[in-house]
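Novice: Provided herewith is a single structure, encoded as structure tokens, for subsequent inquiry.
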Amino acid sequence: MDKTLLYSTLCIPSNAILASTSEKGLDEKINEAFMPFAVWWENLILAEIPIFGHGIPIILIILILGALFFTLYFGFVNIRHFPTAIQVVRGKYDEFEKTAPKPKPQVYEVDGDLVDTIKDEGHSGEVNHFQALATAVSGTVGLGNIAMVAVAISFGGPGATFWMILAGLLGMSTKFVECTLGVKYRDIDTDGNVYGGPMYYLSKGVKERGFSRLGKFLAAVFAILCVGASFGGGNAFQSNQAAAQIIERFGLTGDATGSIIGLVFAILAGIVIIGGIKRIAKVTEKVVPFMAILYVGAALFIIFSKIEWVDDAFALIIKEAFTPEATITGGFVGVMIQGFRRAAFSNEAGAGSAAIAHSAVNTSFPASEGLVGLLEPFIDTVLVCTMTAVVIILFNMDGVFVYGNVVEGQALMTDGSRLGGVNITSLAFENSINGSSWILMAAVCLFAFSTILSWSYYGLQAWKYLFGRGKIVDLTYKIIFLLFTVLGAAITLDAVIKFSDAMILALVFPNMIGLLILFPYVKKEFKGYMHLIAKKSAFKKDNGKKHL
């Protein structure tokens, strides 16, 4: 397909840009007013320290070293027990879990923390393993897998893909720890509703280690940050980008177009989230596989249609991971930072958000859901992000854009124009499959919608931790959340997006402190669960011999 035609269909017309900059509207005024605070917050969270002549964000160092430690400490659980995790999701051990001896229930003192809770007796929870995984994956697999992968490759070249994959593999171990703790320290009220996530394992678990005040402080900080992240990055940003894609693809005009699209998104999201985690899980278990088939299917079609170039693409990924082109800013270290940073933003391993969804699982064995959780970064980063990266690299084999020559997130195209993010991905898809940019638009909308659903649950759990579990508290959060869905689609919130992205990463600070304090408890849970699985396998083997 003619690339000039692609540019003309996917780039914003220059007259539109001139019209939008001729006078400042309310959107721009809001951005200008909020931007100084957003920049300050981003600089605070992404503060850097010089290493080998390059500034590396402290938070990135914490994530990488923490993930590496958990991988080594748990004996490469991300690799060795990957097949076991698949079996747990498939439900192979469900019946066995029901009949196996239950772990001794923990009763926490009623000291203000656990007013409504009861013993976690037997097989308790609200969703099955697959539904919990689908809900968590829907919260991480989103626009970052489509747009920000292109940004990472634009900045760091093909080599950024290698480090992105490595970070995803290491992040699997962190997710294993988070999700195990999420189930271990969750609350279940008298109606069977589950309350879990970092707020609870920080407050209760850290208290068990003798640091009660520290645990409560970390839990409160996490909850506040989580509520902010749910309104911004988990909601407004998603509806904003989905609305932008719909408006661009259909050529819609009108002052209220964004608001109408946002209202439709809010109504659809409201129908689902009013029903709580059970309804969210039922929707995500259907939406996630569908959107995965839609997007991954198109990506695989492109990859197989250019199969003769795939080995060259992977050779380029390996080569430039260590010896990048001269145009790449920062050289080897710069490429590594781009890959790790993209993975950290994408799968949220270390942020603790997904542990909230996994906590609702129907099981009495925390480590079982920890194993399920480790699949999440694999799906999100190792599979989906890598497919996106390979499609873009294959597209750029002819040098359509220049690696490393990036200004404000936009790469230099061969015709002198600049494109960035989702537009580069759209070009890559459209170049191989005529009309596939429409598929991409549908995928963006599904990714955005599923992310909104998951983050509504994350934010609600944090909100309830801060303000209580009454119906009025519940409804108040949901109304505010849905208002942000409309606002996100109606206005351009560059400053808020910058702020909310940093807010999500800020979750790493309180969460990782808790993980590094509580990981011995995870080891105990893991050993116990694997012992039960071994007994089941031995019992099945013995029965087989008897029948013979």
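The values are calculated or read from the model by the stated rules, or taken from the named source; none is laboratory data. The structure displayed is predicted, hence computed values, not measured ones. Here Cβ is always computed from backbone atoms with ideal geometry, including for glycine, and neighbour counts include all displayed protein chains. When the accessible area is computed, the model is the full protein with side chains, heavy atoms only, and any ligands, DNA or RNA have been set aside. Shrake-Rupley method; radii C 1.70, N 1.55, O 1.52, S 1.80 Å.
Novice: Using +1 on the beta carbon of Lys and Arg, -1 on that of Asp and Glu, and nothing else charged, what's the dipole of region 330-417 about the Cα centre, debye to 20?
Specialist: 160
Novice: So, taking all protein chains as they sit and a 1.4 Å probe, how much accessible area belongs to VAL522, in Å² rounded to tens?
Specialist: For VAL522, the solvent-accessible surface is approximately 0 Å².
Novice: Turning to a different aspect of this structure: So how do TRP40, TRP463, TRP455 rank on accessible area, 1.4 Å probe, biggest first, that is with the largest at the start?
Specialist: So the residues, ranked largest to smallest area, are TRP40, TRP463, TRP455.
Novice: Sorted by accessible area (1.4 Å probe), largest first, how do ASP311, ASP191 line up?
Specialist: If we order ASP311, ASP191 from most to least accessible, we get ASP191, ASP311.
Novice: Filter LYS92/LYS282; LYS184/LYS524; LYS464/LYS523; LYS184/LYS527 down to the pairs with a C-alpha to C-alpha distance above 18 Å, please.
Specialist: Exceeds cut-off: LYS92/LYS282; LYS464/LYS523.
Novice: Give me the percent of Cα-Cα pairs in region 140-195 that sit more than 17 Å apart, rounded to a whole number.
Specialist: 59
Novice: Order THR257, THR190, most accessible first, counting only protein heavy atoms with a 1.4 angstrom probe.
Specialist: THR190, THR257
Novice: Tell me, what is the 1.4 Å probe accessible area of LYS175, in Å² to the nearest 10?
Specialist: 0
Novice: Then there's this: Can you give the accessible area of MET397 in Å² (nearest 10), computed on protein heavy atoms with a 1.4 Å probe?
Specialist: Rounded to the nearest 10, the figure is 60 Å².
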